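> Here it is: the structure, laid out below.
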Amino acid sequence: MSLVDEISEYLQKGRAKNVKTLVEQAIEEGINPKIILNEGLLSGMMIIGAKFKNNEVFVPEVLVAARAMNVGLSVLEPKLIEVGNKPIGKAVVGTVKGDLHDIGKNLVIMMLKGAGFEIHDVGVDVEAATYIEKAEEVGADIICMSALLTTTMTNMQACIDQLKEKGLRDKYIVMVGGAPVNDSFAKQIGADFYTPDAASAAEVAKEAVLSKKS
Ligand code: B1M
């Protein structure tokens with residue numbers, strides 16, 4: 001079994017320590033970090049996701065797999081990002097109210113850091129007002145909202161509505177993403193951008209912030 005397959009296997013079993021050691025080993029052996037991410041960590045998480053959907057595994061198993069995923073991601077982070085000296089902008093990033101999924105958000109944060117953003121991570125289960133308060137406090141350029149549940153994606157709208165009510169809508173770029181979100185939903189709620197993955201989130205955020213500043 002290859003090292004990346006082993007990472008995927010241990011992640012599925014929720015063995016965070018083994019995942020950490022194997023990711024470190026894979027880096028030492030010079031395996032491309034994107035392969036470690038896609039074919040090791042994300043592939044393991046996708047298998048768990050499919051099993052969860054089919055009731056072959058349940059929340060506790062998914063939870064320990066997610067912990068192992070986050071441990072693996074933290075080891076991989078320095079290899080995935082090369083941060084420049086001066087931040088190109090400030091981003092407030094969080095998962096919306098009612099939603100505890102943080103892996104996609106953490107990946108988006110890593111890629112945004114790599115693109116040169118100063119990050120203000122407001123965490124998970126974030127009230128609409130909290131995004132705005134943090135953005136005002138730090139002088140952010142962009143608000144990034146993540147949602148993984150069809151029942152919570154609607155909470156993105158509340159943040160945009162509150163920005164409008166406060167006369168702040170044009171002050172911030174708003175980007176949304178997460179598995180159930182798509183372009184037409186983003187347009188419907190009045191977000192500026194929807195991006196399907198963390199890499200394109202970073203690219204689009206960089207372009208949008210630089211063009212707003214120019
Ligand atoms: Co949850 N869960 N979960 N879960 N869980 C899903 C999302 C689900 C699809 C599983 C399923 O049924 N197939 C399903 C949602 C169904 C739906 O609404 N359509 C589901 C459910 C139902 C639930 C619970 C309700 C289960 C229960 O309790 N009965 C519960 C809800 C808890 C809550 O949030 N209130 C729940 C709980 C959990 C755990 C806590 C056990 C755990 C989360 C742990 C954690 O995050 N720390 C968990 C997990 C891990 C999943 C799955 C298996 C994996 C999610 C994940 O991390 N994917 C998931 C099934 C699946 O997705 N196949 C599932 C990897 C991650 C990298 O992808 O987050 O999509 P993702 O991010 C992507 C893109 O979406 C994008 O970039 C990333 C890739 O580059 N992206 C953005 C994300 N945010 C972005 C923001 C952007 C741009 C791009 O701009 C701002």
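The values are calculated or read from the model by the stated rules, or taken from the named source; none is laboratory data. The shown structure was predicted, so the numbers you read here are calculated from the model rather than taken from an experiment. Using ideal geometry, Cβ is built from the backbone for each residue, glycine included, and neighbour counts are taken over all protein chains shown.
> Quick one: in the range 89-132, of everything that is among the β-branched types (Val, Ile, Thr) and more than 8 Å from the ligand (Cβ to nearest atom), which residue is surrounded by the most Cβ atoms within 10 Å (Cβ to Cβ)?
Looking at residues that are among the β-branched types (Val, Ile, Thr) and more than 8 Å from the ligand (Cβ to nearest atom), I get Val96.
> Now, a different point. Need the failing condition index for Ile48 against (1) farther than 21 Å from Phe193 by Cβ; (2) surrounded by fewer than 19 Cβ atoms within 10 Å (Cβ to Cβ); (3) near the ligand (Cβ under 8 Å from one of its atoms), just the number.
Ile48 satisfies every listed condition except (2).
> Inspect all residues belonging to the range 191-214 and state whether any of them is farther than 20 Å from Leu112 by Cα, away from the ligand (no atom under 11 Å from the Cβ) and not charged (D, E, K, R).
Scanning the range 191-214, I find no residue that is farther than 20 Å from Leu112 by Cα, away from the ligand (no atom under 11 Å from the Cβ) and not charged (D, E, K, R), so the answer is no.
> Look at the range 1-31 and say how many of its residues are of a type outside the set (Asp, Glu) and exposed (fewer than 13 other Cβ atoms within 10 Å of the Cβ).
4
> Another question, if that's okay. Only one of these conditions is not met by Ile36: (1) among the aliphatic types (A, V, I, L, M); (2) within 15 Å of the chain's Cα centre (by Cα); (3) more than 9 Å from the ligand (Cβ to nearest atom). Which number is it?
Here Ile36 clears every test but (2).
> Being crowded, with 22+ Cβ neighbours inside 10 Å, outside the structural domain of Ile132 (by TED's automatic domain parsing), more than 10 Å from the ligand (Cβ to nearest atom) and free of Cβ contacts under 8 Å to residues at least 40 places away in the same chain is the requirement here; does Ser43 meet it?
No.
Table: residues versus (1) modelled with pLDDT of 95 or more; (2) of a type outside the set (Gly, Ala, Ser).
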position: Gly116; (1), (2): no, no
position: Lys134; (1), (2): yes, yes
position: Ala140; (1), (2): yes, no
position: Leu163; (1), (2): yes, yes
position: Ser184; (1), (2): yes, no
position: Gln188; (1), (2): yes, yes
position: Ala202; (1), (2): no, no
position: Val209; (1), (2): yes, yes
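> Which residues, taken from the range 93-139, are under 17 Å from Asp161 (Cβ atoms), assigned to a strand (DSSP E or B) and out of contact with any Gly (no Cβ under 8 Å at 6 or more places or on another chain)?
Val96
> State which residue pairs qualify: first residue assigned to a strand (DSSP E or B) and inside the range 172-183, second residue polar (S, T, N, Q) in any location, beta carbons under 7 Å apart, and separation of 6 or more residues or different chains.
Short answer, once both residue conditions are applied: Met175/Thr195; Gly177/Ser146; Gly177/Thr195.
> Right, here's the next one. Quick check on Glu82: is it loosely packed, with under 15 Cβ neighbours inside 10 Å and at pLDDT 95 or above?
Judged against the criteria, Glu82 is not a match.
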